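The values are calculated or read from the model by the stated rules, or taken from the named source; none is laboratory data. Given the structure is predicted, the values throughout are model-derived calculations rather than measurements. So basically every Cβ, Gly included, is an ideal-geometry build from the backbone, and we count neighbours across all protein chains shown.
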Ligand code: NAD
Ligand code: UD1
């Protein structure tokens, strides 16, 4: 099937393109490269030895998106394209609302015009807010503390309403937990330019000697060792989750957690990284980061039951693959 992958040059999108090509799909990527590089496309082709059709366009551009649908018979859309930096979304709310919500509308409108009824959307566990763990898909969502989280919740509602009004529309809304790791080849991963906000890219930069030490944001949370607990998931497991979601699309809107169901604390992750790679990661405990919650992990049973998908890779392989990519990565 011809799959349009928006944001396919990015971290999760590029790894998903590999999984889609390996599953026998034809991949058409639409990406404006605002947070990625052209060479991600070349690396996808290098890994799979298959062609990728690439359009460097903004997915908010109605005419450019229409051109793709008129040039190719699109069988389904996986919509990754979006801005994702939480702090930046507080500083530039309009950019986030415009980019992340308009793109969902432009794509679904074009899908309607061309009769494309298969859609997979990148949401985030951030929509659960500070609910009680484990997070289950049926929980009421709590208002987000930042515009980024709101763009995901609003896009979810738009897609759900479209599915209610048009019974032929099949959409899978995937709530990712914390994707880390990289492709085993070390060729595609999370290219961290500048000072990373997220834990794993920071840890790999400390290991590489780019940063002196990790700052652990708080050790007084009600968790196993006082540090924040998250559900880290290997990006390749996440990529396979998209293929499963696409293969199992059924009419209506369906929401799935893509997580492992396991919580890991910051200090446990540091220890796992040291063990996996034989490198010490110096750290210091500092104040809590505003907006952080104590614990976030999935109830991952719905995706297992309905998609036949579970995450297979453990925290050691996530740490090993993240480090292999960082070692290879040059800005
Ligand atoms: P990423 O920044 O690596 O990839 C996003 C891609 O979208 C980039 O290549 C960027 O150039 C492209 N893009 C952005 N706006 C665009 C536009 N208007 N037109 C065309 N291309 C555009 O991010 P990622 O980590 O791969 O995340 C993919 C999706 O998953 C995003 O929607 C993100 O919000 C969501 N998500 C990510 C995480 C995470 O931790 N990485 C967690 C939950 C959800
Ligand atoms: C962050 C986003 C969230 C998004 C998710 C995607 C914020 C506030 N939240 O969540 O919206 O969906 O990424 O992966 O940015 N930590 C440190 N030191 C660091 C960095 C992080 O101790 O230098 C801790 C954090 O306090 C947290 C854990 O590591 O306990 C994970 O942090 P991070 O990787 O930023 O992810 P989230 O906070 O889960």
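Given the options 109, 132, name the one that is away from ligand 2 (no atom under 16 Å from the Cβ), out of contact with any strand residue (DSSP E or B) (no Cβ under 6 Å at 6 or more places or on another chain) and not in a helix (DSSP H, G or I).
132
Sort through 81, 40, 23, 125 and tell me the only one that's farther than 20 Å from residue 258 by Cα and at pLDDT 95 or above.
Unique residue meeting the criteria: 40.
Confirm whether residue 78 is surrounded by 15 or more Cβ atoms within 10 Å (Cβ to Cβ), within 30 Å of residue 127 (Cα to Cα) and either more than 16 Å from ligand 2 (Cβ to nearest atom) or free of Cβ contacts under 8 Å to residues at least 60 places away in the same chain (or both).
Answer is yes for this residue.
When the residues of the stretch 44-67 are filtered to those that are assigned to a helix (DSSP H, G or I) and under 13 Å from residue 26 (Cβ atoms), which remaining residue is nearest to ligand 2 (Cβ to nearest atom)?
Among those that are assigned to a helix (DSSP H, G or I) and under 13 Å from residue 26 (Cβ atoms), it is 44.
Which residues, taken from the stretch 1-29, are closer than 18 Å to residue 176 by Cα and in a strand (DSSP E or B)?
5, 6 - these are the residues of the stretch 1-29 that are closer than 18 Å to residue 176 by Cα and in a strand (DSSP E or B).
From 86, 120, which residue is within 13 Å of ligand 1 (Cβ to nearest atom), surrounded by fewer than 22 Cβ atoms within 10 Å (Cβ to Cβ) and within 18 Å of the chain's Cα centre (by Cα)?
Checking each option against the conditions leaves just 86.
With 59, 77, 65 as the choices, which residue is within 10 Å of ligand 1 (Cβ to nearest atom) and within 17 Å of residue 117 (Cα to Cα)?
It is 65.
Go through (1) out of contact with any strand residue (DSSP E or B) (no Cβ under 6 Å at 6 or more places or on another chain); (2) at pLDDT 95 or above; (3) within 16 Å of ligand 2 (Cβ to nearest atom); (4) within 22 Å of residue 126 (Cα to Cα) for residue 290 and report which single condition fails.
(2)
Of all the strands (runs of 3 or more DSSP E) wholly in the stretch 213-331, which have at least 2 residues that are within 16 Å of ligand 1 (Cβ to nearest atom) and more than 19 Å from residue 197 (Cβ to Cβ)?
252-258
Return the residue satisfying two criteria in turn: it lies in the stretch 139-173 and is out of contact with any helix residue (DSSP H, G or I) (no Cβ under 8 Å at 6 or more places or on another chain) and in a loop (DSSP other than H, G, I, E, B), and of such residues it is nearest to ligand 2 (Cβ to nearest atom).
Filtering first and then ranking leaves 145.
Determine whether residue 72 is surrounded by fewer than 23 Cβ atoms within 10 Å (Cβ to Cβ) and touching a residue at least 24 places away in the same chain (Cβ under 8 Å).
yes
Which one of these does residue 282 not meet: (1) surrounded by fewer than 14 Cβ atoms within 10 Å (Cβ to Cβ); (2) within 14 Å of ligand 2 (Cβ to nearest atom); (3) within 21 Å of the chain's Cα centre (by Cα)?
Going through the list (1) surrounded by fewer than 14 Cβ atoms within 10 Å (Cβ to Cβ); (2) within 14 Å of ligand 2 (Cβ to nearest atom); (3) within 21 Å of the chain's Cα centre (by Cα), residue 282 breaks only (3).
Of all residues being surrounded by fewer than 24 Cβ atoms within 10 Å (Cβ to Cβ) and touching a helix residue (DSSP H, G or I) at 6+ places or on another chain (Cβ under 6 Å) in the stretch 23-54, which is farthest from residue 71 (Cα to Cα)? Just the residue, please.
Out of the qualifying residues, it is 47.
Which of the residues belonging to the stretch 174-220 are near ligand 2 (Cβ under 8 Å from one of its atoms) and either out of contact with any helix residue (DSSP H, G or I) (no Cβ under 9 Å at 6 or more places or on another chain) or on the phi > 0 side of the Ramachandran plot (or both)?
198, 202, 218
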